[in-house]
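Quick notes on the structure that follows.
The values are calculated or read from the model by the stated rules, or taken from the named source; none is laboratory data. Note that the structure is a prediction, hence the values are computed from the model and not measured. Every residue, glycine among them, receives a Cβ derived from its backbone with ideal geometry; neighbour counts consider all protein chains shown.
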Amino acid sequence: MGKRIIQQARGHGSFSYRVRRNAYRYKLKYPRTLKGEGTVVKLFNSSGHSAPLAKIRYNKELFYIPACKGMIEGQKINFDEGIKEGNILQLKSIPVKTQIYCIESRPGNGGVFIKSAGSSATVSKVIGNSIFVMMPSKKEKKFNEKCRAIIGVIAGAGRLDKPVVKAGKKFYIKKTRNKLWPRTSAVKMNAIDHPFGSGRGKRVKSKIAKRNAPPGRKVGLLRPRRTGRRKR
């Protein structure tokens, strides 16, 4: 008798394929309204995030953001003016060629773009009420001038420099962030473990699952818009 394939086991939601809730207990976003200044209370590590986090006190409120390079505990962060690393300002108040991160997609949503360690974007140009930002992917993205961002580069840029060395360590790094690793190729499995398994019938053609296929059969290309070689 065969066993459930990984897609079925992950969909069932057992603890083998579920991340610890505790790893993501910190929500990285700033309040809807910010005026005056805040204070960096604490810098700490979170296993669910690649960058070190900063705990910010604003009036009687606390919020969390990815720490910028050079940030220290006790540092004052301004929300209205001043081009200084760590300050949270509207894009219209940030000069061109300034490095920024944790950018809001729309005014007041707390920052959604660029939160991983060592990354940053650059304000490239201003056209009317629109601010164009050069993202890490080297593509420009247009933002509302009232969207806020943090000035600087996210800390933890050297996290990929040190080699992992052991496969066991890599497994636990991925497990902490709810990533399945290692990923095994389907055609290398046994027939009981996957529909593409066994040494027979290894055709290098794409396999398309039917739309009403059950979870054990819904593998390969799922409801593709088109198939075949694209003709010019």
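Going through V204, V123, V153, V219 one at a time, which residue ends up being more than 22 Å from C102 (Cα to Cα), at pLDDT 85 or above and β-branched (V, I, T)?
Of the residues listed, the single one that is more than 22 Å from C102 (Cα to Cα), at pLDDT 85 or above and β-branched (V, I, T) is V219.
Restricting attention to the stretch 181-218, which residues are among the aliphatic types (A, V, I, L, M) and surrounded by 13 or more Cβ atoms within 10 Å (Cβ to Cβ)?
Correct list: A186, V187, M189, A191, I208, A209, A213.
For the stretch 150-193, which residues satisfy the criterion of being among the hydrophobic types (A, V, I, L, M, F, W, C), under 29 Å from Q7 (Cβ atoms) and in a helix (DSSP H, G or I)?
Residues satisfying the conditions are A167, F171, I173, A186, V187.
Looking at S198, S137, S124, which one is at positive phi, of a type in the set (S, T, N, Q) and out of contact with any Leu (no Cβ under 9 Å at 6 or more places or on another chain)?
None of the other options fit; the residue is S198.
Among the numbered criteria (1) surrounded by 15 or more Cβ atoms within 10 Å (Cβ to Cβ); (2) under 20 Å from R148 (Cβ atoms), which single criterion is violated by I6?
Of (1) surrounded by 15 or more Cβ atoms within 10 Å (Cβ to Cβ); (2) under 20 Å from R148 (Cβ atoms), only one is false for I6: (2).
Here's the yes/no breakdown for (1) touching a residue at least 60 places away in the same chain (Cβ under 8 Å); (2) surrounded by 17 or more Cβ atoms within 10 Å (Cβ to Cβ):
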| residue | (1), (2) |
| --- | --- |
| S46 | no, yes |
| C68 | yes, yes |
| M71 | yes, yes |
| Q75 | no, yes |
| G82 | no, no |
| E85 | yes, no |
| K92 | no, no |
| Q99 | no, yes |
| C102 | yes, yes |
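Name the one entry in K42, K35 that is in contact with a Phe, Trp or Tyr (Cβ under 8 Å, 6 or more places away or on another chain) and touching a residue at least 12 places away in the same chain (Cβ under 8 Å).
One residue alone meets the criteria, K35.
Take the conditions at pLDDT 95 or above and either over 24 Å from R32 (Cβ atoms) or not polar (S, T, N, Q) (or both) and apply them to I103. Does it pass?
Against the criterion (at pLDDT 95 or above and either over 24 Å from R32 (Cβ atoms) or not polar (S, T, N, Q) (or both)), I103 qualifies.
Just one of (1) assigned by TED's automatic domain parsing to the domain that holds G82; (2) of a type outside the set (A, V, I, L, M); (3) touching a residue at least 60 places away in the same chain (Cβ under 8 Å) trips up K125, so point out which.
Condition (3) is where K125 drops out.
Considering every residue within the stretch 145-166, establish whether at least one is in contact with a strand residue (DSSP E or B) (Cβ under 8 Å, 6 or more places away or on another chain), exposed (fewer than 12 other Cβ atoms within 10 Å of the Cβ) and not acidic (D, E).
Checked against the condition, which is being in contact with a strand residue (DSSP E or B) (Cβ under 8 Å, 6 or more places away or on another chain), exposed (fewer than 12 other Cβ atoms within 10 Å of the Cβ) and not acidic (D, E), the stretch 145-166 yields no hits at all.
Of everything in the stretch 11-44 that's part of a helix (DSSP H, G or I) and either surrounded by 15 or more Cβ atoms within 10 Å (Cβ to Cβ) or not basic (K, R) (or both), which residue is farthest from the chain's Cα centre (by Cα)?
H12
Going through A157, A186 one at a time, which residue ends up being touching a His at 6+ places or on another chain (Cβ under 8 Å) and among the hydrophobic types (A, V, I, L, M, F, W, C)?
A186
Any chance you could count how many residues in the stretch 107-133 are part of a strand (DSSP E or B), within 19 Å of the chain's Cα centre (by Cα) and buried (at least 16 other Cβ atoms within 10 Å of the Cβ)?
Number of matching residues: 3.
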